[in-house]
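Structure record follows, encoded as structure tokens.
Bear in mind that the values in this text are calculations on the coordinates, not laboratory data. Given the structure is predicted, the values throughout are model-derived calculations rather than measurements. Cβ atoms come from the backbone with ideal geometry, glycine included; neighbour counts cover every protein chain shown.
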Amino acid sequence: MDSPRERRLNAEAGPLVRPYALTRGRTRVQGFRLDLVTMLVVTGRSPQERARLALEQQRILEMCRRPATVADLTSEMNLPLGVMHVLLADLYQQGLLEERRAAPLAERPSPEILQRVLDDLRAL
Amino acid sequence: MIFARSDPASSSAEASAASAGDWRDAISADDGSHLALKVLIAGGFGVGKTTLVGAVSEIRPLHTEEVLTDVSTDVDDLHGVEGKTTTTVAMDFGRLAFDDGITLYLFGTPGQERFWFMWDEMAYGAIGAVVLIDTRRLTASFAAIDYFEQRGTPFIVAVNCFEGARAHTLKEIRTALDIDPHVPIVLCDVRERDSAKSVLITLVEHALETA
């Protein structure tokens with residue numbers, strides 16, 4: 001019987017076993033949605049059970065001392081996005097991370113923001 | 001190319017050398033003024049999406065994966081799906097930080113249809129999309145154009161000037177793609193920073209006009 005446990009798209013992709021062991025097998029956390037550009041920052045609260053945070057989660061908290069996006073954190077941690085979602089959801093639900101939002105969540109950015117981007121690009 | 005980065009060791013070494021320690025410095029303001037905005041770069045495989053992103057921004061690798069399952073329980077686990085396989089996919093994104101706290105994130109959208117589950121998430125809140133085309137393989141861009149038209153995402157078409165591309169007029173390309181007259185089409189050379197910048201400016205202008 002073929003083993004479905006590990007499959008690689010290419011050499012860089014690597015095995016999936018270890019990253020999901022990190023999330024204790026979970027692939028989704030309901031009610032928690034993160035965009036790639038959602039910005040997260042530490043709340044300043046102390047973890048109640050610091051010892052039980054994975055090293056990866058401690059590192060995420062370190063990085064989020066200043067606001068960082070999910071895309072940046074995922075890239076920096078070199079973990080798959082799905083794994084990061086679960087780790088971030090845990091930290092969020094423990095009250096250790098919060099979202100930093102400079103503009104209301106919307107389907108499209110406002111004309112004022114678009115104009116700022118346009119000015120920025122023209123000045124590049 | 002988005003996928004199959006052939007030499008991960010050297011590319012990640014280059015990435016860290018190029019950006020040593022600066023990834024958070026890029027987001028430097030300490031008040032609430034940070035604003036991260038998305039731009040999608042779509043187009044067929046090998047059309048030059050990553051080159052375009054790299055011409056104008058700092059490239060970073062990102063791993064994502066195909067979704068295993070979507071069971072609406074509180075937390076689902078892998079029990080019962082042992083028979084399913086999953087792959088991780090390496091994609092890149094580019095980041096362009098400005099002094100006023102705005103950071104543009106350029107995401108090359110995986111071209112194959114099996115990654116479309118990601119597109120909705122990527123498109124939500126985005127400024128818009130650049131559909132990059134190669135005139136030798138116009139059909140490779142149809143799916144992306146259909147998607148953005150139906151979704152109402154502002155998009156422009158950028159014709160990457162591979163050799164021979166200039167043999168076609170923009171009018172011919174517009175006719176062949178059957179896109180609305182108001183959708184801008186521009187010629188570009190994705191290797192050139194100024195050209196890539198001009199593509200982004202055209203997109204934001206278009207997004208502003210249709211906002």
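Sum up the charges of everything whose Cβ sits under 12 Å from the Cβ of A:Met84, counting Lys and Arg as +1 and Asp and Glu as -1, but leave A:Met84 out.
-4
Per-residue mean of other chain beta-carbon atoms within 10 angstrom of the beta-carbon, peptide A:93-103?
2
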query = Tell me, what ³J(HN,Hα) does each residue in segment A:113-124 have, in order and in whole Hz, if you take phi through Karplus 6.51 cos²θ - 1.76 cosθ + 1.60 with θ = phi - 60° and put x for Gly and Pro?
reply = 5, 4, 5, 4, 4, 4, 4, 4, 5, 5, 7, 5
remark   = Any residue on another chain or 5+ positions along whose placed amide H is under 5 Å from the amide H of B:Gly128 is listed here as B:Leu40
query = Given labels modelled 7 Å from the Cα in the Cβ direction, how far is it in nm from A:Thr43 to B:Asp194?
reply = 5.1 nm
task = For A:Asn78 paired with A:Ala54, estimate the spin-label separation in nm (one decimal), with each label point 7 Å from Cα along the Cα-to-Cβ line.
result = 1.6 nm
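Need the full-extension length gain, B:Val186 to B:Glu209, defined as separation in residues times 0.36 nm minus the C-alpha distance. One decimal, nm.
On the way: separation 23, 0.36 × 23 = 8.28 nm, distance 1.65 nm.
Full extension of this stretch gives 6.6 nm more.
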